[in-house]
Amino acid sequence: MRFPVFIAGVLLIVFMTSGAIGRGIEGPGSDRVIYEYGERVLQNPHHRYDTNLLRECMGFYLDNQQYDSPAGSYNKALRLGYQIVSSDRRDVDTYTMMAWLLWSKWVCWTKRPNQMPDGEGKADEAIELLNWGKQWNSQSARFHKESADTIWPLAKYYRTDLYDFVIENYRKADLLAVANDFFKVRVRLNLGHIYRQTGRKRPAVYWYQRVLEIAPDNEIAGRYLACLENEPDGKTRN
């Protein structure tokens with residue numbers, strides 16, 4: 001779960017250290033081809049492009065922030081991401097990557113608003129994007145789990161009001177999951193952890209017990225459950 005926090009840190013570092021935006025890539029090579037294709041796509045966003053090529057371009061701008069505008073903002077990657085999910089509305093990885101980038105921009109805005117002026121409101125935009133994607137992925141356990149995974153660090157460290165979003169999506173993922181014990185164990189553990197972190201003992205106990213229903217030897221659930229059973233209500237925290 002450290003990746004979103006890492007992205008936020010990268011955004012800050014880039015704005016503190018980056019200079020002028022690159023004008024292009026010198027010399028031949030595959031990077032130059034992807035860069036030039038990406039620039040054409042960005043100039044004509046209404047044309048229908050091959051989504052695999054769009055993903056290559058998005059990946060290029062994620063790795064080469066100096067070619068963004070402004071440098072380090074991930075704006076070009078986000079623009080390409082919106083084109084991808086408009087064509088492939090079941091692309092879970094692109095939805096969640098975009099949501100990470102959006103809320104990370106918001107974190108940077110809260111810390112250095114002058115250096116990330118367009119970060120205001122981006123955390124809410126991340127939620128809107130995931131809710132929009134839910135229309136086409138309402139029966140996908142993975143979509144719900146990945147949405148919850150993506151927003152959990154935001155809720156934990158910055159926006160406690162978003163815990164309801166995280167819990168709702170984990171519970172939906174558990175409901176939709178079929179014949180995948182490892183997946184269900186991970187989801188139920190996360191629900192136990194969230195309820196424990198927010199001081200709600202009874203639901204935390206419930207979800208750790210649900211882990212043990214399908215994985216009786218799970219040491220993590222067993223240890224937390226034993227601790228919770230010896231704690232008074234209202235004392236459950238990290």
Out of all the residues in segment 176-225, which are surrounded by fewer than 18 Cβ atoms within 10 Å (Cβ to Cβ) and of a type in the set (Gly, Ala, Ser)? Ala179, Gly199, Gly222
Residue among Val178, Val187 that is among the hydrophobic types (A, V, I, L, M, F, W, C) and within 28 Å of Lys122 (Cβ to Cβ): Val187
Kindly evaluate Tyr195 against the criterion of being over 29 Å from Arg90 (Cα atoms), part of a helix (DSSP H, G or I), in contact with a helix residue (DSSP H, G or I) (Cβ under 6 Å, 6 or more places away or on another chain) and of a type outside the set (A, V, I, L, M, F, W, C). yes
Take segment 131-141 and flag every residue that is assigned to a helix (DSSP H, G or I), closer than 12 Å to Tyr95 by Cα and touching a residue at least 24 places away in the same chain (Cβ under 8 Å). Gly133
Scanning segment 99-130 for residues that are farther than 23 Å from Thr160 by Cβ and without any contact (Cβ under 8 Å) to a residue 40 or more places away in the chain, the one farthest from the chain's Cα centre (by Cα) turns out to be Asn114
Out of Asp124, Asp68, Asp50, Asp91, I need the residue that is surrounded by 14 or more Cβ atoms within 10 Å (Cβ to Cβ), modelled with pLDDT under 95 and of a type outside the set (A, V, I, L, M, F, W, C). Which one? Asp68
List pairs: first residue in segment 215-238 and within 10 Å of Val205 (Cα to Cα), second residue modelled with pLDDT under 90 and hydrophobic (A, V, I, L, M, F, W, C) anywhere in the structure, Cβ distance under 8 angstrom, at least six positions apart or on different chains. none
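Using the structure shown, decide if Asp149 is surrounded by fewer than 14 Cβ atoms within 10 Å (Cβ to Cβ), outside any loop (DSSP other than H, G, I, E, B), within 10 Å of the chain's Cα centre (by Cα) and not aromatic (Phe, Trp, Tyr).
Details: surrounded by fewer than 14 Cβ atoms within 10 Å (Cβ to Cβ): no; outside any loop (DSSP other than H, G, I, E, B): yes; within 10 Å of the chain's Cα centre (by Cα): yes; not aromatic (Phe, Trp, Tyr): yes.
No, not satisfied.
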Scan of segment 74-88 for residues that are surrounded by fewer than 22 Cβ atoms within 10 Å (Cβ to Cβ) and of a type in the set (Lys, Arg), ordered by number: Arg79
Does any residue in segment 56-77 that is within 13 Å of Lys105 (Cβ to Cβ) and touching a residue at least 60 places away in the same chain (Cβ under 8 Å) come within less than 7 Å, Cβ to Cβ, of a residue that is of a type outside the set (Phe, Trp, Tyr) and outside any helix (DSSP H, G or I) six or more places away or on a different chain, and which pairs are these? Gly72/Ser18; Tyr74/Asp68
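The values are calculated or read from the model by the stated rules, or taken from the named source; none is laboratory data. If you're wondering where the values come from, they're calculated on a predicted model, not measured in any experiment. Positions of Cβ are generated from backbone atoms using ideal geometry, with glycine treated the same way; all protein chains shown enter the neighbour counts.
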